[in-house]
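Following: one structure in structure tokens, then a few remarks.
Read-outs throughout are calculated quantities, based only on the coordinates presented, and are distinct from any laboratory measurement. Note that this is a predicted model, so its numbers are computed, not measured. Because the Cβ atoms are built from the backbone with ideal geometry, glycine has one as well, and the counts that use them run over all protein chains shown.
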């Protein structure tokens, strides 16, 4: 991807309905391609101005205020294209859908500049959207390193804006397959618990956060294995680690999740050796983005994609099924 230089300036005025909003909330509402974290970085660089004065992200705007945002154009100079195999489910001139393997990081970050999905995409596509910034070209949403499954990637700025708007407005269908500890008794349910930063451990998320944001997960049982249960979980919001946090909060943590579920301790306490060893064979959290649906941002037609369970999760389920037979 070629370098881009210069900056983009955007100016807007606050209307009556926006009076009193934090400037980061105001800007994310006006421009769906700007995340709160992105706005924070721009503001901390002194590039958010209210009536000509630099402000912090928490500044409250007033009706009639003139807001100016200075955005550096995307430039990719540190991220190298790498010939890494990709499983591409769909591709056209505007976007592509990939099936990400577990263990692959989505985008480069400090100390981790190679082997990511972005490195692979830069080799495959010469025309990724630049809106994601220096390290995240084309990236509209993310999956954790050890979560596998479907992701949509923007190849044009128009597609990026359209997809980002759908994610922001919660119009994207996202259903995950996950294997959880325990025999889930009910057939389906809804988890409606706020998710935010853990009050004591800033690297974790929690339903006990004092500043949690509304989060909604709908689940249904796909298959029961006595010691574990395979669930389909549809998330209506996209909070960080939402499924893992929600399921742990209701007593059914994701198998292989050491951060939230203490999976090793639970396995050590399991009396039956065969299922214990089968579950131990899983080397990551048992979470797979199996269904992804959205409206094509250019052609305006609904598209839905599905991905079968990856080999490691499929193997565990097959072994557990034999054990329960």
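Classify the stretch 172-285 as rounded, prolate or oblate, taking a ≥ b ≥ c as the square roots of the eigenvalues of its Cα gyration tensor: rounded when a/c is under 1.5, otherwise prolate if a/b is larger than b/c and oblate if not. Because a/c hits 1.5 or more and a/b fails to exceed b/c, the stretch 172-285 counts as oblate. Fewest-first ordering of 294, 26 by other beta carbons within 10 Å of each residue's beta carbon gives 294, 26. Under 1.5 on a/c is rounded, so check that first for the stretch 88-142, then, if it is not, pick prolate when a/b is larger than b/c and oblate when it is not; a ≥ b ≥ c are the square roots of the alpha carbon gyration tensor eigenvalues. Because a/c hits 1.5 or more and a/b fails to exceed b/c, the stretch 88-142 counts as oblate.
Taking every DSSP helix (H) stretch of at least 4 residues in the chain, weighting each as -39,500 (n - 2.57) and dividing the sum by the residue count yields a mean residue ellipticity at 222 nm of -6500 deg cm²/dmol.
A Förster radius of 22 Å combined with the Cβ-Cβ distance from residue 190 to residue 87 puts the calculated FRET efficiency at roughly 0.10. Label-to-label distance for residue 80 and residue 157 is 2.9 nm, based on points extended 7 Å past Cα in the beta-carbon direction.
The relative contact order of the chain, computed from alpha carbon pairs under 8 Å that lie at least 6 residues apart in sequence, is 14 percent. In this simple spin-label model, placing a label point 7 Å from the Cα along the Cα-to-Cβ direction at both residue 271 and residue 197 gives a separation of 4.4 nm. With both partners inside the chain, how many of the DSSP beta bridges are antiparallel, as a percent to the nearest 5? Taking every DSSP beta bridge with both residues in the chain, the antiparallel ones total about 95 percent.
Using R₀ = 30 Å, calculate the FRET efficiency as 1/(1 + (r/R₀)^6) where r is the Cβ-Cβ separation of residue 165 and residue 240; round to 0.05. Plugging the Cβ-Cβ distance into 1/(1 + (r/R0)^6) gives 0.90. Extension gain, residue 299 to residue 142: 0.36 nm times the residue separation minus the Cα-Cα distance gives 54.2 nm. What FRET efficiency comes out for residue 126 versus residue 41 if R0 is 25 angstrom and r is the Cβ-Cβ distance? Round to the nearest 0.05. Calculated value: 0.40.
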